[in-house]
Amino acid sequence: MNVLHAARTAIPEETLYAVKGAFHLSGENEKIIPQTVADIGGFDLPLIIRAHCTGWRAVNALDGAYRERVVPAAVGKFLTLGGAAG
């Protein structure tokens, strides 16, 4: 979230299209899952790319909130704004 907020501040005239990362929302960080999921919504991103280190509870929360906009990251995966392409 810090990176998204910094990008919005640094280049407010640009549209943000995606966020990609291992969000590290497991273990002790599970307590900020609701806040993080809500905060991502404020960016209205067409694509949320989650990596394996996101944590299963956060994956479920993101998938539940943003449905088809959430896709898993994988080595060799090609993504477009419409989602996974292959």
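The values are calculated or read from the model by the stated rules, or taken from the named source; none is laboratory data. Only a predicted model underlies this, so the values are computations on that prediction, with no experimental measurement involved. Glycine gets a Cβ as well: all are built from the backbone with ideal geometry, and neighbour counts include every protein chain shown.
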Scanning the range 38-57 for residues that are surrounded by 16 or more Cβ atoms within 10 Å (Cβ to Cβ) and aliphatic (A, V, I, L, M), the one farthest from Ala22 (Cα to Cα) turns out to be Leu45
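Would you please name the residue that is farthest from the chain's Cα centre (by Cα), looking only at residues in the range 57-80 that are in a loop (DSSP other than H, G, I, E, B) and without any contact (Cβ under 8 Å) to a residue 12 or more places away in the chain?
Our first condition is that a residue be in a loop (DSSP other than H, G, I, E, B); within the range 57-80, this holds for 73-78.
From what's left, without any contact (Cβ under 8 Å) to a residue 12 or more places away in the chain: 74-78.
Values: Ala74: 14, Val75: 17, Gly76: 19, Lys77: 16, Phe78: 16 Å.
Here the answer is Gly76.
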Working carefully through the options Thr36, Thr9, Thr15, Thr80, find the one that is at pLDDT below 90 and hydroxyl-bearing (Ser, Thr, Tyr). Thr80
Looking only at the range 9-23, which residues are of a type outside the set (A, V, I, L, M, F, W, C), under 11 Å from the mean Cα position of the chain (by Cα) and either within 12 Å of Tyr66 (Cβ to Cβ) or assigned to a loop (DSSP other than H, G, I, E, B) (or both)? Tyr17
Taking the range 24-56 and the residues there that are touching a Leu at 6+ places or on another chain (Cβ under 7 Å) and either in a loop (DSSP other than H, G, I, E, B) or among the basic types (Lys, Arg) (or both), the one that is nearest to Arg8 (Cα to Cα) would be Phe43
Given the condition under 18 Å from Met1 (Cβ atoms) and hydroxyl-bearing (Ser, Thr, Tyr), answer yes or no: does some residue in the range 63-70 qualify? yes
Can you find, within the range 20-37, the residue that is farthest from Ala74 (Cα to Cα) among those that are out of contact with any helix residue (DSSP H, G or I) (no Cβ under 6 Å at 6 or more places or on another chain), surrounded by 11 or more Cβ atoms within 10 Å (Cβ to Cβ) and touching a residue at least 12 places away in the same chain (Cβ under 8 Å)? Pro34
